[in-house]
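Notes to accompany the following structure.
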Amino acid sequence: MTAIASPDLIAKLDHVLRAGSPDLRTRMLQEVAGLFLDDAHRLSEHQVKLFDDILIRLTESVELRTLTTLSRSLADLRLVPRELVRRLANHDDADVAAPILRKCECIPDADLIDIAWMRAEGHLCAIAGRKAVNQELTDILLMRGDSNVLRALAGNPGADMTSAGLAMMVDAAERDEDIAAALISRKDLPHRILADLVVRSTPRQQARLLKNARAEIQHAIRAAIDAGAARASASPPATIDYAEARATVMALNNSGQLNDSSVNRFAIRQEVHNVVAALAQLATVPIETIAPLMEAADISGLVIACRASRLNWNTAATIVSYRTAGSRVPPDQLEQARKMFEALPLSNAQRMIRFGTLSELAAKPLQAV
């Protein structure tokens, strides 16, 4: 069937592994990989496993260029040497890992999630470019990735985004016109997210978005522009005095009683000013950072504020659910928020809140879609 079972080849392999030079090891790797690629379409899983074991042994101590070439040659295959591919995907060098991460469909989502948490931008960019990226992966990539990663996600129609992920993407789009342009071209962008993106853009950016948008959403963009202009010309809201709330929260904090239980009570009683002051105290940010999040159409910023405050999910869910009288968060949206809350590292949440990654979430009611 295949030369891989040849005793002569096995004997040659053993000699190379014991005493062969790096050049001989590389040539042997290329020979065995060539045999695999020639027969890959007709090999059984058992035969692929034999190749897997041998190729793994041969990839030790070879040049990165050789590993990169091997990675590219395996990335499109339907049946792959699984352990070899897993090692290539986890390789420290992004050039080696990227072809597998971007194109290989045989990598389990669990492995991709681990890599997304541990690796740097080159690996993240490759994952962001996959044909399909599930919601858990997109949230991790959004939390850890730089602007290149976000651009890749925004322009990838196969990247499935949660409402929290879309809110983070809109926040990034305020600072990056390429992300904004990619978002506006997505067919899965909800109208309320589209409106949020438009309102938070400058007039020049709005003109560009309108020019590049599909014909069927241009009316929605014009409506969002008009609505934003109307709000801007309206009288500013009265300033809220948080002095009493600050005093209440500080008294609890000084006595060691500012915790999940006390904040939960504030939320259930819909003592919004006390909730805002408590989150600001616990997250070590100004009240002005928290207050807009209580009224924002998207709950992502508020969820992150709760995580940054070291609250548990039950308290966070209460805050989100009771933040506006007569309004409740749909169960599916609350479940997405829970997954985001539990996956978000505390340090990331605190960085986002303290350094403004989500602090510009617009405070406005949900619009009809």
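Under 17 Å from a label point set 7 Å out along the Cα-to-Cβ vector of Glu83, the amide N atoms of segment 31-52 belong to 33, 45-52. Each residue, Glu335 and Ala229, gets one label point 7 Å from its Cα in the Cβ direction; the gap between the two is 4.2 nm. Here the calculated FRET efficiency for Glu60 and Lys211, from their Cβ-Cβ distance with R0 = 51 Å, stands at 0.40, rounded to the nearest 0.05. Rg and Dmax of segment 22-62, based on Cα coordinates, read 10.5, 31 Å. Taking all Cα pairs closer than 8 Å and separated by 6 or more residues, the relative contact order of segment 139-232 comes to 24 percent. Of all the options Gly228, Gly129, Gly165, the one that moves most in a Gaussian network model of the chain with Cα springs shorter than 10 angstrom is Gly228. Applying both filters, DSSP loop and at most 15 other Cβ atoms within 10 Å, to the trypsin sites (Lys or Arg not before Pro) of segment 222-325 gives Arg269, Arg310.
For segment 211-314, the relative contact order comes to 20 percent (Cα pairs under 8 Å, sequence separation of at least 6).
Within the chain, all pairs of alpha-carbon atoms sorted by distance into 20 Å bins from zero give the percentages 25, 43, 24, 8, 0. Extension gain, Asp188 to Gln30: 0.36 nm times the residue separation minus the Cα-Cα distance gives 52.5 nm. Set the Cα radius of gyration of segment 243-354 against 2.2 N^0.38 Å, with N its number of residues, and you get 0.96. Taking all Cα pairs closer than 8 Å and separated by 6 or more residues, the relative contact order of the chain comes to 11 percent. Helix 203-212 against the longest principal axis of the chain: what's the angle in degrees, Cα atoms only, rounded to the nearest 10? With both axes taken from Cα atoms, the answer is about 50 degrees. As a calculated quantity, the FRET efficiency between Asp178 and Ala132 at R0 = 30 Å, using C-beta atoms, amounts to about 0.85. Ranked by the mean number of other Cβ atoms within 10 Å of their residues, highest first, the peptides 197-208, 92-103 fall in the order 92-103, 197-208. Helix 22-39 versus the longest principal axis of the chain: what angle, 0 to 90°, nearest 10, using Cα atoms? Approximately 80 degrees, to the nearest 10. Measuring against 25 Å, Cα to Cα, the residue pairs Lys131/Lys339; Lys103/Lys211; Lys49/Lys103 contain Lys103/Lys211 as the ones spanning a longer distance.
Computed from the coordinates by the stated procedures, all read-outs in this text should not be read as laboratory data. Remember, predicted model here, so these are calculated numbers, not experimental data. As a convention, Cβ positions derive from the backbone with ideal geometry for all residues, glycine included, and neighbour counts pool all protein chains shown.
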